[in-house]
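Data block below; observations after.
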Amino acid sequence: MLEKYLTADFIQLKQHATDWRDAIEIAAAPLLSKKLIEKEYVAAMQQAVLDFGPYMVLANGFALAHAQPGALVHGVCISLVTITEPVDFGNKDFDPIDILIAFGTPDAESHIGMLRDLAGMLNQPGNFEIIRNAKEKQIILSLFSASNQ
C-alpha cells in the first residue's frame, strides 16, 4: 500500500534544512506543489510542534510531521526527506532528526492502513539506515514496495 502514496515525486534526498521548521517546509513542499495540502497545513504542522512539543519525533533521527485531519488536506498523502545536517526538534532522546516524513489526511480514518504499513516497514531492522544512506530515490521506493510483500 505504501507505494500507492510514496512515489518518486514525493521523495527528496540529502536536503539542507536550517532548523525543524525549515525541515517541515521542505518535507511538505511536494505535497503542496501537487495540491494535496494547503499552505496552512504546513503552518499547522509547525504549530503542532510549538503547542505539543516534539511528539512527532518517534525514533532516533526520525520524525513524522502531521497536523489535525481536515479540509486543509485533499487526500491521504505522504512525502519523505532526508536531511544532510540533522536538525533538533527538542526531543532529548531522539534528536537530531535526519529523516522526516510528512503526511496528511482529510479525515480520521482513511490513513490508518497507510500508517500501519509505514510503522511495519520502519520497524524492520536496518530500514532507517537504508533510508538514511540512500543516494537514489529508487532505493527508497523499493523499500516501500517490499513492505507489502
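The values are calculated or read from the model by the stated rules, or taken from the named source; none is laboratory data. These numbers come from a predicted model, not from an experiment. Cβ sites come from the backbone with ideal geometry, for glycine too, and all protein chains shown count toward neighbours. Note: accessible area is taken over every heavy atom of the protein model, side chains too, but ligands, DNA and RNA are not part of it. Shrake-Rupley method; radii C 1.70, N 1.55, O 1.52, S 1.80 Å.
Percent of accessible area on the chain owned by carbon and sulfur, 1.4 Å probe?
Ligands and nucleic acids excluded, carbon and sulfur give 54 percent.
If you take the C-alpha gyration tensor of region 70-139, multiply each eigenvalue by 5 and take the square root, what semi-axes do you get, largest first, in whole Å?
Over the Cα atoms of region 70-139, the ellipsoid semi-axes are 23, 16, 13 Å.
Which residue fluctuates most in the GNM of the chain (Cα springs below 10 Å): Leu80, Leu72, Leu58?
Leu58
Which distance in Å, rounded to a whole number, links the C-alpha centroids of region 70-84 and region 107-149?
Each part's Cα centre sits 14 Å from the other's.
Past 26 Å, Cα to Cα, is the threshold; run Lys14/Lys34; Lys39/Lys135; Lys4/Lys39; Lys39/Lys92; Lys35/Lys92 against it and keep the listed order.
Working: Lys14/Lys34 21 Å; Lys39/Lys135 29 Å; Lys4/Lys39 23 Å; Lys39/Lys92 29 Å; Lys35/Lys92 34 Å.
The answer is Lys39/Lys135; Lys39/Lys92; Lys35/Lys92.
At most 10 other Cβ atoms within 10 Å and a DSSP loop assignment: could you name the trypsin sites (Lys or Arg not before Pro) in region 82-149 that fit? Don't skip to the answer; put the middle values down first.
Details: sites: Lys92, Arg116, Arg132, Lys135, Lys137; in loops: Lys92, Lys135.
Loop-located and lightly packed - Lys92, Lys135.
Could you state the accessible area per residue of region 85-149 in Å², with a 1.4 Å probe and every protein chain left in place?
54 Å²
Taking Cα pairs under 8 Å and at least six residues apart, what relative contact order does the chain come out at, in percent?
Computed value for the chain: 31 percent relative contact order.
Could you tell me what fraction of 2.2 N^0.38 Å the Cα radius of gyration of the chain comes to, as a two-decimal ratio?
0.95
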